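Novice: Have a look at the structure that comes next, please.
Just so it is clear, none of the values below were taken in a lab; they were calculated from the coordinates. These numbers come from a predicted model, not from an experiment. Cβ sites come from the backbone with ideal geometry, for glycine too, and all protein chains shown count toward neighbours.
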Amino acid sequence: MTKKLFFFNHGVGGNCHSAFIDSTRSKLEEKGMKTVAPSYPNPADPNFDEWKDTFHQFLADNWNGEEIVMIGHSLGGFFTLRLLGECFDEDWTKKLTAVILVAPTATKRPNRRKFYSEEIKWDNILKINFKPILLYSDNDDKVAREHPDYVVEKIGQMAGFEFIEPKGFFHFIMPEAQPVLDAVFRFV
């Protein structure tokens, strides 16, 4: 079994223990997988550059050249996409196996949050070879449907792209979310 690094990016107001992160990490670690889940600074009013710096520090401390699977929830999904768009030519992106976006925000909305002030560099993301999986519940009460639809519009043509729409998971803010586990465990 090849060891992989599973890297979790939480959403606004969250931390390394938010939603499904703890239970998913625990199950991965039971299988011998390596996991990282930073608590990003100032989660109530996040700053992209601070989060990017934190990501790079955690990556430097934990990555030893193994394949990477990234999981981004809500604003953490936006962060993951924007990070990929800006860092597409860094060495670690060549080891990216999959990106699992769980109820991600995706549109530029500077009036909502400074974090959304820059458009995601979608064309750069298309230069990276990874399997994208998008999860969005039929009754998400936090993120409007326009966001996953925008992700589909921008990267839905990538090889292996999957859009999974489970029923009844709202915004996946729960201790365990089976659709997330199912998606993540494809890469164990």
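Novice: What 222 nm value per residue comes from the helices of the chain, counting each DSSP H run with n ≥ 4 as -39,500 (n - 2.57) and dividing by all residues, nearest 500 deg cm²/dmol?
Specialist: Taking each H run of at least 4 residues, the total per residue is -9000 deg cm²/dmol.
Novice: Can you count the Lys pairs in the range 31-150 with C-alpha separation below 23 Å, eight or more apart or on different chains?
Specialist: Close lysine pairs under the 23 Å cut-off: 24.
Novice: Around Asp89, what is the net charge, scoring Lys/Arg as +1 and Asp/Glu as -1 over all other residues with Cβ under 12 Å from its Cβ?
Specialist: It works out to a net charge of 0.
Novice: By per-residue mean of other Cβ atoms within 10 Å, what is the highest-first order of 64-72, 160-168? List each step's numbers first, then the result.
Specialist: Details: 64-72: 19.8, 160-168: 12.7.
Going by the mean number of other Cβ atoms within 10 Å, highest first, we get 64-72, 160-168.
Novice: Compute the FRET efficiency between Glu118 and Glu162 as 1/(1 + (r/R0)^6), taking r as their Cβ-Cβ distance and R0 = 25 Å, and round to the nearest 0.05.
Specialist: On the way: r = 27 Å, r/R0 = 1.06.
Plugging the Cβ-Cβ distance into 1/(1 + (r/R0)^6) gives 0.40.
Novice: How do 93-103, 47-57 rank on mean C-beta neighbours within 10 Å, highest first?
Specialist: On the way: 93-103: 22.5, 47-57: 14.8.
Most protected by this proxy first, the peptides run 93-103, 47-57.
Novice: Then there is this: In nm, give the distance between the simple-model label positions of Phe170 and Asp91, each being 7 Å from the Cα along the Cα-to-Cβ direction.
Specialist: Taking the two extended label points, one gets 4.3 nm.
Novice: Show me 74-81, 30-37 ranked by packing, highest mean number of other Cβ atoms within 10 Å first. Provide the component values of the computation, followed by the final result.
Specialist: Working: 74-81: 27.4, 30-37: 16.0.
Ranking, from highest mean packing down: 74-81, 30-37.
Novice: How big is the Cα convex hull of the range 72-146 in projection, averaged over all directions, in nm²?
Specialist: Details: hull surface 19.8 nm².
Mean projected area for the range 72-146: 5.0 nm², to one decimal.
Novice: Based on the Cα coordinates of the range 4-187, what is the per residue volume of their convex hull in Å³? Walk me through the numbers before you get to the answer.
Specialist: Values: hull volume 18.6 nm³, N = 184.
Measuring per residue, one finds 101 Å³ for the Cα hull of the range 4-187.
Novice: Tally Lys/Arg at +1 and Asp/Glu at -1 over every other residue whose Cβ is under 13 Å from the Cβ of Pro148; what's the total? Mind dumping the intermediate values first?
Specialist: Working: positive: Lys142, Arg145, Lys154; negative: Asp138, Asp140, Glu146, Asp149, Glu153, Glu162, Glu165.
Around Pro148, the charge tally is -4.
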